[in-house]
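Everything below concerns the one structure shown next.
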Amino acid sequence: MSKEFLLEETQIDIVVSYLRNILQDRDCIVILRGDLASGKTTLVKYFVKSLGLEDIVNSPTFSLQVVYGDNIFHYDLYNKSLEEFIALGMLEEFEKSGLHFVEWGNSKLENILCDYGFDVLVIDILKKDDKRLYKIYE
């Protein structure tokens with residue numbers, strides 16, 4: 001199943017509300033794919049804000065993982081290969097209850113996670129002039 005939203009940045013709450021609805025009461029890994037500056041971190045920022053959390057959301061490019069509240073996990077694989085990510089023991093992190101947002105996850109990671117039985121949702125974010133196209137695959 002897939003769903004698409006073509007939105008201006010000021011309308012990001014629409015996709016955030018949709019995500020909150022479908023992710024409610026789920027332990028899920030959300031793979032965020034898109035070019036640089038497509039809005040991956042921005043989506044996580046607005047999602048965290050929608051939960052009433054006051055955490056500062058930045059891309060965890062150099063820290064690899066950041067945790068917001070008790071159960072929102074945010075990863076960035078931009079500077080790491082999948083093999084390095086696995087070697088660091090990060091797959092075990094996905095066993096923690098909550099939502100795991102992974103920037104720069106590829107189809108290889110998606111396949112590994114599905115093979116392990118994790119609940120995976122993929123979001124492709126494409127820049128379209130001054131808008132973003134969010135393609136959500138469950």
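The values are calculated or read from the model by the stated rules, or taken from the named source; none is laboratory data. Fair warning: this is a prediction, and the values are worked out from it, not measured in the lab. So basically every Cβ, Gly included, is an ideal-geometry build from the backbone, and we count neighbours across all protein chains shown.
Below is a table of values for the structure above.
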| item | result |
| --- | --- |
| Matching residues, region 53-80, being more than 17 Å from Cys28 (Cβ to Cβ), of a type outside the set (Asp, Glu) and surrounded by fewer than 20 Cβ atoms within 10 Å (Cβ to Cβ) | Leu53, Ile56, Asn58, Ser59, Thr61, Phe62, Ser63, Leu64, Val66, Tyr78, Asn79, Lys80 |
| Residues (over 18 Å from Asn71 (Cα atoms) and crowded, with 18+ Cβ neighbours inside 10 Å) located in region 33-52 | Arg33, Gly34, Ser38, Gly39, Lys40 |
| Residue within region 95-116 that is at positive phi and at pLDDT 95 or above present | yes |
| Scope region 111-138; condition in contact with a strand residue (DSSP E or B) (Cβ under 6 Å, 6 or more places away or on another chain), outside any strand (DSSP E or B) and not hydrophobic (A, V, I, L, M, F, W, C); matching residues | Asp119, Glu138 |
| Positions within region 86-111 being buried (at least 16 other Cβ atoms within 10 Å of the Cβ) and more than 28 Å from Glu54 (Cα to Cα), in sequence order | Leu109, Glu110 |
| Sole exception among (1) out of contact with any strand residue (DSSP E or B) (no Cβ under 9 Å at 6 or more places or on another chain); (2) closer than 17 Å to Arg132 by Cβ; (3) touching a residue at least 24 places away in the same chain (Cβ under 8 Å) for Leu88, by number | (2) |
| Search result, residues across region 26-50 that are touching a Lys or Arg at 6+ places or on another chain (Cβ under 8 Å), more than 22 Å from Lys127 (Cβ to Cβ) and hydrophobic (A, V, I, L, M, F, W, C) | none |
| Helices (runs of 4 or more DSSP H) wholly inside region 1-109 containing at least 2 residues that are touching a helix residue (DSSP H, G or I) at 6+ places or on another chain (Cβ under 6 Å) and of a type in the set (Val, Ile, Thr) | 12-23 |
